[in-house]
1. Give me the one-decimal nm value for the distance between modelled label points at Ala130 and Ala219, 7 Å along each residue's Cα-to-Cβ direction.
2. Could you check which residue among Ala173, Ala88, Ala129 shows the biggest mean-square fluctuation in a GNM of the chain with a 10 Å Cα cutoff?
3. Determine the calculated [θ] at 222 nm for the chain from helices alone, applying -39500 (n - 2.57) to every DSSP H run no shorter than 4 residues and normalising by the residue count; nearest 500 deg cm²/dmol.
4. How much of the DSSP bridge set in the chain is antiparallel, in percent, rounded to the nearest 5?
5. Between segment 1-43 and segment 189-209, what's the alpha-carbon centroid distance in Å?
6. Could you tally the net charge around Met139, taking each other residue with its Cβ under 12 Å from the Cβ of Met139, Lys/Arg +1 and Asp/Glu -1?
7. Which Cα, out of Gln203, Pro264, Ile186, lies furthest along the positive dipole direction of segment 180-329 (beta carbon charges, K/R +1, D/E -1)?
8. Before I look further, what does segment 193-337 give for accessible area per residue, probe 1.4 Å, in whole square angstrom?
Amino acid sequence: MAEIVEAPFRAPWWLRSPHLQTLWGPLWRHADELPRRRETLPLADGDHLLLDWAGPAPAPGALRVALLHGLSGSSDSHYVRGTQARLAAAGIASVAINSRGAAAPNDTALSYHAGEIDDLDAVFRHLRAADSRGPLVAMGVSLGGSRLLNWLARADSGALSAAVAVCSPLGLATCADRMDQGLSRIYRRHLIGELLAGLRRQQRHLETVAPDQARRLAALNLNGIRSFWQFDGQVIAPLYGFRDAAHYYAECSAGPRLPAIRTPTLMIQAEDDPFMTPSILPGQGDLGPGVTLELSGQGGHVGFVAGTPAHPDYWLEKRLAAFAAGFAGVPLTSAAG
């Protein structure tokens, strides 16, 4: 049954600012030591995805967790490495899904967006082919959460035992507007700079391996892009067949699709998230029967850091690991039912 609950997270006195919460991980966190093994998953269109496994080799019937990063992120994003390290310490196998072009240049002009679910579906089918019965939990962060929620609402095949979406931009137009305001413009500038650099790197790679795909990127108008409205209108829309940014936002915002979600799903959102506004947060009547919204007054964007400066405590990763561990030993049919 759908419900909204209060998250137990409380920001410490030295990290109450949502911007400090947001910036702590990218700027000051030391990378977790994490042995990993890489798998390359071929895709139907001739491209591929890079999957980074951590923790024990998954035994038949054992719990596996799939992690999906946010915009301009990868399997090396601090929240992905931290969560995989936490899961590995608990003896849980996890796989970080690198979206196209995230960890290394890919072989087509495509990358990913908030409503892209075909690549996600390919990964879930691949994981289910390897083990059809063991519990499988997916976790998406930021834009990755949006993709996961869209998959659950539009293409749920019953592959997942449960899902978690963290700090998801449920209303894309509202979030794009928010990123044009105040200090949030710092994040916007950084993210768009990373995305444009990635496109140029991808084009150089494609000029060698797939010149026809390189021409698709060369045809894009990358001039004067300073907002997400411009980036999504000049890059995402033409690459993926949307009329413009407004059409993309209307089609791919996950918020309106939440009532369709049936698989057990935990959403974690912070009211002070500087990437969005409280207006995007759903009410109980906006949630599908499988969804629980865990709402925190603090936490910033993918922050949720407690503890002390010398010994920070990453509450979010502990919460994700605890949620996943609750499905250990639960067969697929029991979890999905």
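1. The two pseudo-label positions are separated by 3.7 nm.
2. Result: Ala129 has the largest fluctuation of those listed.
3. It lands at -10500 deg cm²/dmol.
4. DSSP beta bridges in the chain are roughly 35 percent antiparallel.
5. 26 Å
6. +3
7. Going by the Cα projections, it comes out as Gln203.
8. Per-residue accessible area for segment 193-337 comes out at 44 Å².
The values are calculated or read from the model by the stated rules, or taken from the named source; none is laboratory data. These numbers come from a predicted model, not from an experiment. Positions of Cβ are generated from backbone atoms using ideal geometry, with glycine treated the same way; all protein chains shown enter the neighbour counts. These area figures cover heavy atoms from the full protein model, side chains too; ligands, DNA and RNA do not enter into them. Shrake-Rupley method; radii C 1.70, N 1.55, O 1.52, S 1.80 Å.
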